[in-house]
Amino acid sequence: MQRWLLVAVIAGLHLLAFAIGIVLRRRRRRRQRLQADEARAIAAHADAARARAARPR
């Protein structure tokens, strides 16, 4: 009886750790995507500024 309880507790902890790992990985991926979008926006702004500067007056 005790051994089954121990097995159940260990299995539960593994499932919990697995779920936490999935959530953390998903959150990190979303943050990387936001940083990529931000970098793209900054690059687009820099390109626009460069084009404005290069335009003959």
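The values are calculated or read from the model by the stated rules, or taken from the named source; none is laboratory data. Remember, it's a predicted structure, so these values are computed and weren't measured experimentally. Ligands, DNA and RNA are excluded from the accessible area calculation, which covers all protein heavy atoms including side chains. Shrake-Rupley method; radii C 1.70, N 1.55, O 1.52, S 1.80 Å.
Could you check how much of the accessible area of the chain is carbon and sulfur, as a whole percent, using a 1.4 Å probe? Ligands and nucleic acids excluded, carbon and sulfur give 64 percent. Annotation: per residue accessible area for the chain equals 101 Å², rounded to a whole number [probe 1.4 Å, protein chains only]. From helices alone, the chain scores -35000 deg cm²/dmol at 222 nm; the rule is -39500 (n - 2.57) for each run of n ≥ 4 DSSP H residues, then divide by the residue total. Note on the chain: along the principal axes its Cα atoms extend 87, 7, 5 Å, ordered by decreasing extent.
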